[in-house]
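These notes concern the structure reproduced below.
The values are calculated or read from the model by the stated rules, or taken from the named source; none is laboratory data. A quick note: this is a predicted structure, and the numbers were derived from the prediction, not measured. When we count neighbours, we look across all protein chains shown, and the Cβ atoms used for this are built from the backbone with ideal geometry, even at glycine. Keep in mind that these areas ignore ligands, DNA and RNA; they rest on the heavy atoms of the full protein, side chains included. Shrake-Rupley method; radii C 1.70, N 1.55, O 1.52, S 1.80 Å.
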Amino acid sequence: MSKEAMRAEAERLIKEAMEKKAVAVKRVDTRIEAKCGKCGAPNKITAAPGKTRVEYTCKECGHKQRAL
Ligand SMILES: [Zn+2]
């Protein structure tokens with residue numbers, strides 16, 4: 001294997017590792033604090049990665065709604 005090929009291989013591995021890390025970060029769920037539209041109680045909800053709208057049920061009054 002030539003020096004150039006070895007360097008290219010090393011760079012490829014670093015790039016792959018960085019991409020994996022980026023994906024791992026994106027997979028972390030987002031926690032949103034939403035106020036119930038019916039009773040105003042604060043609800044802590046967990047949003048799946050990539051989702052901006054989350055359906056949840058209020059823990060106080062059971063009202064089903066969507067949080068942004
Ligand atoms: Zn409520």
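Worth a mention:
- Excluding same-chain neighbours fewer than eight residues apart, the lysines reachable from Lys21 by a Cα-Cα span under 26 Å are Lys51.
- Spacing of the modelled spin labels on Val54 and Met6, each 7 Å from Cα toward Cβ, amounts to 4.9 nm.
- Per-residue SASA entry for Lys38, accessible area with 1.4 Å probe, Å² rounded to 10: 140
- With the convex hull of the Cα atoms taken as the outline of region 8-59, the averaged projected area works out to 4.0 nm².
- Listed by chain and number, the lysines whose C-alpha is less than 19 Å from the C-alpha of Lys38, apart from same-chain residues fewer than 8 away, are Lys59, Lys64.
- Theoretical ellipticity at 222 nm over the chain - DSSP helices of four or more residues, -39500 (n - 2.57) apiece, nearest 500: -12500 deg cm²/dmol
- Computed from point charges on the beta carbon alone (+1 for Lys and Arg, -1 for Asp and Glu), the dipole magnitude for region 3-67 about its Cα centre is near 240 Debye.
- Solvent-accessible heavy-atom area per residue, rounded to whole Å², over region 3-67 at 1.4 Å: 87
- Between His63 and Asp29, the simple spin-label model (points 7 angstrom out along Cα→Cβ) gives 2.4 nm.
- Accessible area of region 3-67 belonging to carbon and sulfur atoms, whole % at 1.4 Å probe: 53
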